[in-house]
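What follows is a single structure, written as structure tokens, with notes after it.
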Amino acid sequence: MSLTLTAMSGRAVTGDQQQWSRSGEMQHSRGPYISVITNRTTNLLIRGAMLFSVGVFLALVLNLLQVQRNITLFPPDVITSIFSSAWWVPLCCGTAAAMIGLLYPCIDSRLGEPHKFKREWSSVMRCVAVFVGINHASAKVDFANNVQLSLTLAALSIGLWWTFDRSRSGFGLGICIAFLGTLVTQLLVYNGVFQYTSPDFLYIRSWLPCIFFAGVITMGNIGRQLALRCKPSAFSQ
């Protein structure tokens with residue numbers, strides 16, 4: 001009889017614990033939705049501002065390399081800002097970086113495939129370093145011809161994706177944005193906003209899509225990491 005009462009009480013306690021656990025999970029899962037509009041807006045603003053700042057900084061530094069090597073030429077009247085860069089270049093790059101960094105985690109959540117590959121800041125910093133190295137190679141390393149340079153940068157860009165991303169959504173989005181960025185750059189050069197020395201791909205250099213692709217992967221990783229820090233529950237499932 002005592003054993004029966006003990007077993008029943010044990011089941012009752014276990015049932016109470018499970019019910020409390022469920023209620024606790026329900027309260028925990030319901031917690032972020034109490035002020036959902038404010039939280040989402042604040043997170044988006046903070047992440048967007050950080051991504052914009054990173055994009056502006058990288059644009060100034062990397063464009064300085066291109067200008068110093070006379071790869072990119074701006075008319076004298078538009079070189080009005082610091083680091084010998086046209087004022088609109090860092091603004092456009094910062095805006096694009098913010099959009100890409102916010103789009104990547106959004107696509108992950110829409111597809112129901114949270115990105116968990118190398119989700120730590122040390123990996124993100126290495127990705128940024130490799131991206132800067134690819135840009136440095138495009139400006140500093142001398143190749144026999146543009147075909148060798150383009151193939152080398154293409155291999156490095158795909159290696160960047162394979163090392164730090166490996167998601168199909170990341171690869172597809174990188175290809176799409178690189179194509180769009182290349183098209184916009186062609187139009188800008190065609191209209192005389194700036195020009196490239198020794199163009200070999202219509203009005204630009206053939207390795208430019210590789211740089212765009214590597215930049216998209218890099219900013220996507222930064223955006224994913226910022227989203228993970230701001231909303232860990234979105235990636236913990």
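We did not get these values from a lab; they are worked out from the coordinates using the rules stated. These numbers were taken from a predicted model, which means no experiment stands behind them. Note: ideal-geometry Cβ built from the backbone for every residue, glycine included; neighbour counts use all protein chains shown.
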Next item on the list: Can you figure out the FRET efficiency of W88 with T41, using R₀ = 30 Å and their beta-carbon distance, to the nearest 0.05?
Entry: 0.65
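In terms of the Cα gyration tensor, with a ≥ b ≥ c the square roots of its eigenvalues, is the stretch 134-237 rounded because a/c is under 1.5, prolate because a/b exceeds b/c, or oblate?
Working: a/c = 2.79, a/b = 1.84, b/c = 1.52.
Verdict is prolate for the stretch 134-237.
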Note to self: For a protection proxy built on the mean count of beta-carbon atoms within 10 angstrom, sort 179-187, 209-217 highest first, please.
What the structure shows: 209-217, 179-187
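Fully extended, how many nm does the chain gain between I158 and E113 (0.36 nm per residue separation, minus their Cα-Cα distance)?
Values: separation 45, 0.36 × 45 = 16.20 nm, distance 2.11 nm.
Length gained between I158 and E113: 14.1 nm.
Could you give the length gained on full extension between V193 and N145, defined as 0.36 nm per residue of separation minus the Cα-Cα distance, in nm?
Details: separation 48, 0.36 × 48 = 17.28 nm, distance 2.61 nm.
14.7 nm is the gain from fully extending V193 to N145.
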Check: What nm value, rounded to one decimal, do you get for the distance between L180 and V132 when each label is placed 7 Å out toward the C-beta?
Finding: 2.8 nm
